[in-house]
Structures are given as C-alpha cells and as structure tokens.
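This report concerns only the one structure given below.
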Amino acid sequence: MVIVELAAKHISYSYTPGKTVLHDVSLTLKSGEILYLLGPNGGGKTTLLSCLAGLLQPKSGNVYLDDQPLGQYSAAERAQQIGFTPQIHVPAFGYTVKEMALMGRAPHLKWLATPSEKDNRIVEESLEQVGLSELKDRSYTEISGGERQLVLIARGLAQRCSILLMDEPTAHLDLSNQYRVLEIIQNLTRQGLSFIVSSHAPNDALAYADQVLLLNGGWVTDYGKPTVILNETSLSAVYGIQSEVIYEPNSNGKIPRAVVHRRPSAIDPGSLDDPNSTLNKVFEMSIETPQIIVVTGLSGAGKTTFCMELARVARNQGKAVRGIISPGIYKDGEKIGISIRDLETGDEKQLATLRGNNTSEISTPRWQFNDESLTWANRILGKIEPGDLVIIDELGPLEFLRGEGLVAGLSLIDSGQFRVACAVVRSSLLPKVLQRWPKSIVISGNLEKS
Amino acid sequence: MPPSANMSNPGLQLSKKIIIGSLIILPVVLFLLSLTLGRYQLGPFGVVRVLLSPLFTDLANDIPEVAQRLILRVRLPRILAALLVGASYGATGTALQAIFKNPLVDSNILGVTTGAGFGAALALLWMGSQWQVQISAFVFGLVAVSLAFLGSRLYKTTPLLVLTLMGILVGSLFSSLTSLLKYVADPLDTLPSITFWLLGSLTSITWGRMLPLMIFTIGGLVFLWLIRWRLNILSLGDDEAKSLGVDPTTMKIVIIVCTTLMTAAAVSVSGVIGWVGLVIPHAGRLIVGPDHKHLLPVTIGLGASFLILVDDVARTLLPGEIPLGVLTGLIGVPILMVLLRRSRTGW
C-alpha cells in the first residue's frame with residue numbers, strides 16, 4: 001500500500017465572518033495511525049473533520065495530502081485517497097447494504113458510468129473484510145447502528161482510500177458494537193489505512209489511538225500520545241468534569257488505562273472549629289498550594305449563609321478574611337433584590353433589583369444590575385491584599401459567559417494570591433468553573449443541614 | 001464466501017433483469033393495443049398494417065382511407081404523447097425525489113407546472129393559437145423555476161430547503177395569478193377553455209405540436225438514464241456526495257435544468273396532469289428497490305404505461321372525454337395509499 005500522509009498546517013475556519021470556530025489547528029497523520037479528536041460538543045471536531053475531508057475550505061492555513069495542498073487535487077482524486085463517514089443517519093431511501101457500499105466506487109468511475117463486475121467484486125471483498133457478506137442484500141435502514149457504521153467503513157474500503165475520517169463512529173452503539181467497530185478499525189491499520197476519529201470516549205482513545213487531539217472552543221488544548229495527555233487535569237479543563245485516572249496494573253501508576261468521570265462529591269465541609277473537618281484539611285493543604293473551594297447548590301440551599309458562617313469562624317481564629325458576599329433583599333418573603341457587602345469593612349450597597357421596564361447596560365433576564373455598585377465591588381476585589389481566606393459570593397453567568405459583572409473576582413482567583421478562596425456559583429455553571437479551575441474542591445447540596 | 005450466497009445472487013439478478021426488461025417492453029405493448037381502442041374498431045393486425053403503410057404502400061389497401069387517417073393522425077400522435085409525457089413524469093419525479101432526498105417531491109416541486117398553467121391561461125385569455133398557448137406555457141414554466149432558483153440564491157444557508165420553500169412560494173404566486181386570469185376571463189368562452197386546459201388533456205395533439213415534446217423528452221430521458229447511478233450518491237446529501245468525489249451543486253443544477261425543460265415541454269402539450277411524478281417512483285421502488293440504476297428505467301416504463309392506460313380510459317370510458325388530471329388523481333391517490341401501506345422500508 002502506498003504511504004499517504006495527511007497534514008493540517010495552522011488551519012482556521014469560520015462559518016460567519018468574525019466567528020472563528022477553529023483556531024490555528026495543526027496535525028500530522030501517518031500511514032497506519034489512528035488519531036482521536038476529543039472535546040466537548042461544539043468544540044470544533046466536525047468542522048475540523050470537514051476541513052480535512054475537503055468538504056470545507058479553511059479560511060487560513062492549509063491541508064496537505066502527501067505535501068500537496070488538498071485544493072490541488074480534483075474532487076475524484078481527493079476521494080480516492082480520503083474517505084469520510086458522517087455521523088450515522090438514515091438515508092431517505094432504503095438502499096441495500098451492497099448498493100450503499102457500492103457508492104464508494106464513485107471516485108473511480110467515469111461521469112456517466114455505472115459500476116462494473118470488477119466494482120462489484122471489490123465491494124463484495126470490502127463487505128467481507130468488515131464481516132457483512134451475509135447482510136449484503138438487507139436494507140441499510142433495517143440493520144443495526146453498528147452494522148450501518150460497518151457498511152460505511154466497507155464503503156471507505158471500496159473507495160480504496162488511504163485515510164478514513166469518521167465522525168463519531170461509536171455514538172449510539174452498545175458496548176459490543178463499539179468493540180466490533182473499533183477492532184475492525186484497529187485491524188485495518190495493519191494494511192496501512194489510517195483513521196481520524198472524532199469521539200466522546202477518552203477510554204477508546206487510550207485503548208486504540210496513536211495520537212489524541214483535544215479540541216475545546218475551536219482551540220487545540222493538547223495534542224500528543226493519549227497516555228501522556230489524557231489525565232485528570234486535561235479532561236477537567238476540556239469537559240469541566242472531575243475525573244480520575246485508573247492505571248494499568250503493574251505499571252506503577254505510569255500507564256493510564258481508563259479515565260472515569262467522578263460526580264462532584266457532596267463533601268461535608270464541617271466546621272472550621274472542628275480540627276478533623278474537611279474545611280480544616282483544606283486549610284492544611286493550602287500551606288503547600290492555594291486551594292479553591294467552589295460552593296454550589298440550588299437557590300435557597302444556604303450558600304450565602306455558609307459563606308457568612310465561614311467568614312465569622314475564620315475571623316475568630318485570627319485569619320485575614322476578605323472578599324464580598326451578596327445577601328438577598330427580601331420583602332414579604334420574596335426576593336426582590338440583591339445587595340453586596342464588603343467583608344472587610346462591612347459596607348453594603350444594593351447590587352441588583354428585579355428587572356423592571358427600564359433596562360440598564362448590564363442585566364440578565366431577571367435582574368437588573370447597578371453599574372455603580374458593580375464598579376465599587378470590582379474595585380474592592382481588585383485591590384485585595386494576599387490573605388488567608390477570600391470569599392466571593394457569587395460568580396454567575398454574567399462573569400463566566402459574558403465577561404461582565406464581578407470580573408475582578410475571576411482574575412483574583414486566577415491569580416492564586418490567597419491560601420483559600422471560596423467562590424459561590426450556581427450548579428449549571430459547574431462545568432465552566434471546573435474548566436477554569438480544574439483542581440477546585442466542590443461543595444454542593446443542601447448546606448443548611450451541615 | 002459460502003456457495004449458497006454465490007448461488008442466490010445470479011438468480012436474484014436474473015429475475016430482477018426480467019422484471020426490468022418486461023417493464024420497459026410493457027409500454028410498447030400497451031402502445032400497440034391502445035391504437036386498436038376507440039370508436040372505430042380495428043384489430044391489432046390492421047393497426048400494424050396501417051402503421052407500416054407509409055413504408056409499404058400496398059399493405060393497407062383494404063382499409064378505408066378514413067381509418068388510416070384516424071390511426072396515423074389522431075390515435076398515433078395522441079398515444080405517443082401519452083407515452084412520452086408519462087415517461088417524462090415518471091423519470092423527472094424519480095430524479096427530483098433523489099436530489100431533494102425526499103420521497104414526497106414530484107415534478108412540480110419548483111413550480112414549473114403552476115407557471116406553465118399561468119402561461120397557458122394568459123395565452124388563452126388573449127385568444128392565442130394552440131401554438132401560442134404551448135409556447136407561452138413552456139416559457140412561463142421555465143420562468144417559474146428560474147424565479148424559485150434566483151430567489152433561493154439570496155440566502156446562504158441550506159440551499160435545498162430554501163429552494164423547496166421558494167418553489168412553494170413561486171407556485172402559490174402563479175396559482176394566484178392564474179386565478180386572477182380566470183376571474184377576468186369571459187365566463188362563456190375563455191374561462192371554460194382555461195379550466196379545461198388546467199385539467200389536462202391530450203385531445204388536441206397533432207404531429208406538429210409533438211416535435212418539441214419529443215426533442216426535450218427523449219433528450220432528457222437519455223441524460224437522466226446516463227447519470228442514473230449518480231442519483232444514488234446525490235440522494236445521500238451534499239457532504240457525502242462531495243466526499244465520494246461528486247460535485248453535488250453542479251450536478252443538481254444540471255438535473256434541475258433538465259427536469260424543468262422536460263416537465264415544461266410535457267405540461268405545455270398535455271396541460272396539468274398531477275400525481276404521476278409522485279406515484280410512479282413509489283411503485284417503482286416497490287418493484288425493484290431504490291437503486292436508481294434500476295429504478296430510473298423502471299419508472300420510465302411504468303410512467304409511460306400508466307399514462308397510456310389512463311388516457312385510454314379518458315377517451316373510451318364515456319362518450320365525451322374525461323380530463324386526464326382528474327383521472328390521474330382518482331386513480332393515483334388510491335394507488336399511492338396502497339403503496340405507502342405496503343412499503344416496508346421507510347419508503
């Protein structure tokens with residue numbers, strides 16, 4: 001088999017001008033390799049695959065096939081080298097398995113030609129390679145998802161391509177079908193075929209991939225050998241989850257075998273007064289490195305109360321406590337506003353009111369923020385001196401998604417100029433928070449109890 | 001490979017070939033039989049003799065001159081037109097369903113029939129000759145599709161969806177305009193002729209009017225037949241077609257131009273005949289499956305046969321003519337209902 005190399009050099013792509021969805025991606029795929037694209041939904045995996053397949057033309061940079069820019073190949077020449085299998089979908093018409101695979105012969109046929117006996121033989125051979133000979137006269141719409149994926153692989157084989165780009169080939173497949181598809185992919189690499197596979201399964205990457213490219217928000221956050229780059233930190237940063245790596249037995253914790261998703265544990269923080277409490281352990285750990293506590297929970301779970309209590313006890317212990325809290329303003333049992341209080345001086349201002357008709361510059365669907373109070377709070381957060389405990393209540397979608405509001409709070413925690421930082425966020429933002437501060441300790445649930 | 005698989009395949013292929021072959025011969029047989037049908041009775045041998053009489057002068061001497069003229073100048077062009085129009089609708093419906101990836105599409109998806117209807121009504125309103133009506137129908141059929149196509153160019157996203165939408169919009173526009181023409185038309189004279197034209201008929205066909213129909217239909221059928229296998233690939237969607245080395249945009253434009261010319265040529269001769277382009281591809285798929293390599297020839301045969309039969313009913317069932325568009329609806333809808341019930345694999 002001919003050795004074919006696919007490379008992308010600094011490619012960027014945007015569907016609408018100004019909204020770049022792929023930033024400066026470079027990669028090299030050698031013959032017989034499997035490259036996994038991992039990353040959250042909307043991270044740019046499908047766009048990257050489409051650029052590599054020649055379906056989209058990168059706005060800058062270039063894709064190279066054997067050192068020739070992809071644009072220099074004709075559509076048919078390109079299709080003779082690069083195959084593409086989209087995410088599984090059911091076509092409008094129920095072609096048989098064989099008819100479906102036969103379409104892979106298109107780039108080798110003249111414009112007005114129909115497949116010949118030779119093409120039929122090639123397709124039968126391809127179907128046999130993926131173990132589908134028995135099903136060749138069945139309708140593609142009647143077979144299982146795993147079998148459909150194998151038909152698409154057989155189509156790629158019939159295409160005689162050297163590189164197969166696959167968009168989430170194991171999505172919606174049960175475990176045995178995932179295994180079946182991945183083993184066949186693995187076996188085909190021995191013939192020199194190479195694969196780029198987009199996926200949501202880091203463990204498949206650990207088991208099968210030669211290279212992994214982590215894509216987040218259109219940026220490559222990591223690229224290299226799966227055993228090197230797939231770890232707790234990188235996965236938290238990409239997916240915003242807490243994860244744990246399980247290592248191969250007898251590898252002394254060197255070779256990762258699987259990454260498991262850990263639910264943010266509902267740690268009972270305990271009281272700072274209790275020497276055995278989690279909170280105290282966090283302060284002990286903070287002697288080595290600054291620690292971030294993320295307090296989360298539904299509205300009314302007692303997040304602000306928890307912060308005030310924490311501040312009180314810490315201050316009693318002689319710790320330097322700084323930051324802001326934002327208690328609600330209640331009237332007849334209904335929350336009608338939010339105030340903001342400087343923990344150091346006790347000064348308080350009204351931060352937000354329920355949204356009325358007049359709109360200010362900064363507002364969310366429910367709350368309308370007072371620009372002056374925000375500036376004031378940001379100034380407080382901006383000039384906080386290094387201390388033992390920094391509390392910020394709360395950081396919301398305004399800060400994380402729009403870069404407005406208490407932005408000084410974000411940079412304060414980024415700076416690490418504290419021993420322990422305690423930030424209140426709502427549960428829905430947890431993935432974003434964990435992407436920003438992967439090592440944070442999450443305290444969630446009903447805090448009133450503790 | 002197990003021997004059983006090897007054995008079953010050629011058998012399957014052979015029976016499929018027989019089915020396809022017979023469906024292509026079927027319209028020819030129906031064509032000859034239909035020539036015998038009508039008020040003036042003449043057996044099949046008589047018909048064949050009359051047909052060959054222009055070549056061998058003595059062949060039909062015993063048959064009255066009137067009968068010869070009836071066969072050659074009235075029945076022959078009419079049945080030939082039914083064959084061509086039916087074949088055209090069957091093939092264009094199949095091709096358009098493939099490129100629109102939608103089995104509910106027919107030849108009128110981009111408004112060609114509605115546009116042609118308006119063109120004919122306009123010419124009839126101005127007391128145009130039959131030729132003028134035919135030309136006006138043809139031109140406005142093309143105008144309607146061009147408008148839909150240009151309209152869709154204004155938008156950048158999902159061109160196929162926008163094109164379908166534009167087809168519906170342009171169709172509505174022209175049907176409103178046609179209603180307007182009917183409203184202002186003379187209710188004793190022009191209005192009936194417009195209404196009758198819109199119901200579809202092959203009554204007034206002559207050899208002279210056949211010529212454009214023959215050129216566009218045969219040319220279009222040959223083209224669609226040549227690219228028939230690529231319709232499979234286009235039906236998978238643009239991304240997959242591109243990844244298989246096919247340029248979907250160019251191919252689709254060429255196919256739309258081709259089917260539009262074919263449909264406009266057919267409509268301008270026959271008036272509005274619905275349902276054929278929708279029903280026939282479904283029937284074809286049920287018989288030979290969705291592979292366009294086989295489906296396209298089969299739908300040509302089926303479409304031609306269907307319209308010859310329907311036209312036979314139209315001209316022989318009652319003393320007067322029954323409008324073709326009425327019959328294709330009355331026959332086509334129940335057939336489609338049965339077909340949809342029987343189709344197992346989605347469509």
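We did not get these values from a lab; they are worked out from the coordinates using the rules stated. This is a predicted model, so every value here is computed, not measured. Note: ideal-geometry Cβ built from the backbone for every residue, glycine included; neighbour counts use all protein chains shown.
Computed quantities for the displayed model
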{"item": "Packing-based order for B:186-199, A:313-326, using average beta carbon neighbours within 10 Å, highest first", "result": "A:313-326, B:186-199"}
{"item": "Packing-based ranking, highest mean first, of B:22-34, A:16-28 given that Cβ atoms within 10 Å are counted", "result": "B:22-34, A:16-28"}
{"item": "Neighbour cut-off at most 12 other Cβ (10 Å), DSSP loop, trypsin sites (Lys or Arg not before Pro), the range B:19-122", "result": "B:ARG39"}
{"item": "Placed amide H near A:LEU165: partners under 5 Å, 5+ positions off or other chain", "result": "A:GLY83, A:PHE84, A:THR85, A:ILE196"}
{"item": "Average beta-carbon neighbours from other chains, 10 Å sphere, peptide A:124-132", "result": "1"}
{"item": "Eligible aspartates and glutamates near A:LYS349 by straight Cα distance, threshold 20 Å, same-chain separation 8 or greater", "result": "A:GLU334, A:GLU361, A:ASP371, A:GLU372, A:ASP393, A:GLU394, A:GLU399, A:GLU404"}
{"item": "Beta bridge orientation in the protein assembly as shown: antiparallel %, DSSP, nearest 5", "result": "55"}
{"item": "Mean ellipticity per residue at 222 nm, deg cm²/dmol - from DSSP H runs of n ≥ 4 across chain A, formula -39500 (n - 2.57)", "result": "-8500 deg cm²/dmol"}
{"item": "Prolate/oblate/rounded call for the protein assembly as shown, Cα gyration tensor, a/c under 1.5 rounded", "result": "prolate"}
{"item": "Estimated vicinal HN-Hα couplings, Hz - the range B:302-319 in sequence order (Karplus 6.51, -1.76, 1.60; Gly, Pro = x)", "result": "5, x, 4, 4, 4, 6, 4, 4, 4, 5, 4, 4, 4, 9, 10, 5, 10, x"}
{"item": "Theoretical FRET efficiency, 1/(1+(r/R0)^6), r = Cβ-Cβ of B:VAL28 and B:TYR155, R0 56 Å, to 0.05", "result": "0.75"}
{"item": "Filter on A:LYS254/A:LYS439; A:LYS9/A:LYS254; A:LYS335/A:LYS439 - keep pairs with C-alpha separation over 26 Å", "result": "A:LYS9/A:LYS254; A:LYS335/A:LYS439"}
{"item": "Per-residue average of Cβ from other chains inside 10 Å of A:97-104", "result": "4"}
{"item": "Nearest-0.05 FRET efficiency for B:ARG342 and B:SER176, computed from C-beta distance (R0 41 Å)", "result": "0.65"}
{"item": "Averaged over A:112-121, number of beta-carbon atoms from partner chains that fall within 10 Å", "result": "2"}
{"item": "Whole-Hz ³J(HN,Hα) from phi, Karplus 6.51 cos²θ - 1.76 cosθ + 1.60, for the range A:204-215, glycine and proline x", "result": "5, 4, 4, 7, 10, 7, 8, 9, 10, 10, 8, 10"}
{"item": "Net lengthening on full extension, A:ASP67/A:SER144 (0.36 nm per residue, minus Cα-Cα)", "result": "23.8 nm"}
{"item": "Antiparallel DSSP beta bridges within the range A:6-230, as percent of all bridges there, nearest 5", "result": "55"}
{"item": "DSSP-defined beta bridges in the range A:278-443 - what % are antiparallel, rounded to 5", "result": "45"}
{"item": "Extension gain, A:LYS110 back to A:THR375 (0.36 nm per residue minus Cα-Cα distance, nm)", "result": "88.5 nm"}
{"item": "HN-Hα J in Hz across the range A:148-153 - Karplus 6.51, -1.76, 1.60, θ = phi - 60°, x for Gly and Pro", "result": "4, 4, 5, 4, 5, 5"}
{"item": "Within chain B, helix-based [θ] at 222 nm, where runs of 4 or more DSSP H residues each add -39,500 (n - 2.57), nearest 500", "result": "-25000 deg cm²/dmol"}
{"item": "Whether chain B is rounded, prolate or oblate, judged on the alpha carbon gyration tensor where a/c under 1.5 counts as rounded", "result": "oblate"}
{"item": "Cα gyration tensor, the range A:373-445 - rounded (a/c under 1.5), prolate or oblate", "result": "oblate"}
{"item": "Burial ranking of peptide ranges A:113-122, B:212-221 (average Cβ count within 10 Å, highest at the top)", "result": "B:212-221, A:113-122"}
{"item": "Theoretical gain in end-to-end length, A:LYS225 to A:LYS30 [0.36 nm per residue, Cα-Cα removed]", "result": "68.8 nm"}
{"item": "Amide H contacts of A:GLU5 (H built 1.01 Å from N, under 5 Å, at least 5 apart or other chain)", "result": "A:ASP66"}
